Amino acid sequence: AQRVTQPEKLLSVFKGAPVELKCNYSYSGSPELFWYVQYSRQRLQLLLRHISRESIKGFTADLNKGETSFHLKKPFAQEEDSAMYYCALSRMDSNYQLIWGAGTKLIIKP
Amino acid sequence: NAGVTQTPKFRVLKTGQSMTLLCAQDMNHEYMYWYRQDPGMGLRLIHYSVGEGTTAKGEVPDGYNVSRLKKQNFLLGLESAAPSQTSVYFCASSYSDRVVAYTFGSGTRLTVV
């Protein structure tokens, strides 16, 4: 079955420290992976997509098909990065609906 | 440009009552979705629509009905609310089924007592 797992419900790091938010997936086909973010009192919004291979707000994520992972990384965390982060997978075989992880709450301590 | 607007933002229902959640988008998006979010779980798709006049079931459709009479509106109905439907409901829209970059509403927090 298709599944997205974010093993950490909560991740707390100090400002300036590296951040890695883990995302593992289970999917038999060729997945499309996304990271969405929800800042306090704001709407859920797309952060980045693996096919874009871009860096947004200093975050990057590489799709590792061998390890079936799509971890989100940032070398130096900022306080404004505090938010809920969701990993999602697009099902290529079912109208491209998204399968979501449970989310990780990231807290950046000053 | 409002994007995706959900009404109401909060609601408390008694078991057995009915209500309708409204999602409106002004971006001319073809695709619209209703999700529910429960503690410790990812968003789960309730129903979705690929265009005006069409609807389809998602992962957790039981107890809900939807309608898309106008392209810009996607309504989610609860005919007889149950405590298990206490959740935060999110509406989203997208201009394509292939480019999956959703625009989300701000959510509706529903409590059924």
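Of the GluC sites (Glu not before Pro) found in region A:1-60, those in coil by DSSP whose Cβ has at most 14 other Cβ atoms within 10 Å are A:Glu54. Between B:Lys14 and B:Arg44, the simple label model (points 7 Å from Cα in the Cβ direction) yields a spacing of 2.7 nm.
I need the Debye-formula profile for region B:4-51: one equal scatterer per C-alpha, no solvent, reported as log10 I(q)/I(0) at q = 0.29, 0.30 1/Å, two decimals. So the normalised log intensities work out to -1.21, -1.21.
For B:Ala101 and B:Ser80, the difference between the fully extended length at 0.36 nm per residue and the C-alpha to C-alpha distance is 4.3 nm.
Working note: Debye formula, equal point scatterers on the alpha-carbon atoms of chain A, no solvent; log10 I(q)/I(0) at q = 0.12, 0.15 Å⁻¹ is -0.38, -0.59. Buried surface between chains B and A: roughly 1700 Å² of accessible area, summed over both sides, computed with a 1.4 Å probe on protein heavy atoms only. Across chain A, the longest run free of exposed loop sites, meaning trypsin sites (Lys or Arg not before Pro) lying outside DSSP classes H, G, I, E and B with no more than 14 other Cβ atoms within 10 Å, spans A:66-110. Non-local lysine pairs in chain A, meaning eight or more places apart or on different chains, with alpha-carbon distances under 22 Å, amount to 27. Across all directions, the shadow cast by the convex hull of region A:46-110 built on its C-alpha atoms averages 5.2 square nanometres. Apolar share of the accessible surface for chain A: 49 percent from carbon plus sulfur atoms, 1.4 Å probe. Solvent-accessible surface (1.4 Å probe) assigned to B:Met41 amounts to roughly 80 Å².
Per residue, the accessible area of chain A comes to 50 Å² when a 1.4 Å probe rolls over the protein heavy atoms.
Placing unit charges on the Cβ atoms only, positive for Lys and Arg and negative for Asp and Glu, gives region B:35-85 a dipole magnitude near 220 debye about its Cα centre. Taking only the Cα atoms of the protein assembly as shown, the ratio Rg/Rh comes out at 0.97, with Rh defined as the Kirkwood radius. Taking the alpha carbon gyration tensor of chain B, multiplying each eigenvalue by 5 and rooting it gives semi-axes of 22, 14, 13 Å, largest first.
The values are calculated or read from the model by the stated rules, or taken from the named source; none is laboratory data. What you see is a predicted model, and the numbers here were worked out from it, not measured in a lab. So basically every Cβ, Gly included, is an ideal-geometry build from the backbone, and we count neighbours across all protein chains shown. Heads up: the accessible areas ignore ligands, DNA and RNA and are worked out on the full protein's heavy atoms, side chains in. Shrake-Rupley method; radii C 1.70, N 1.55, O 1.52, S 1.80 Å.
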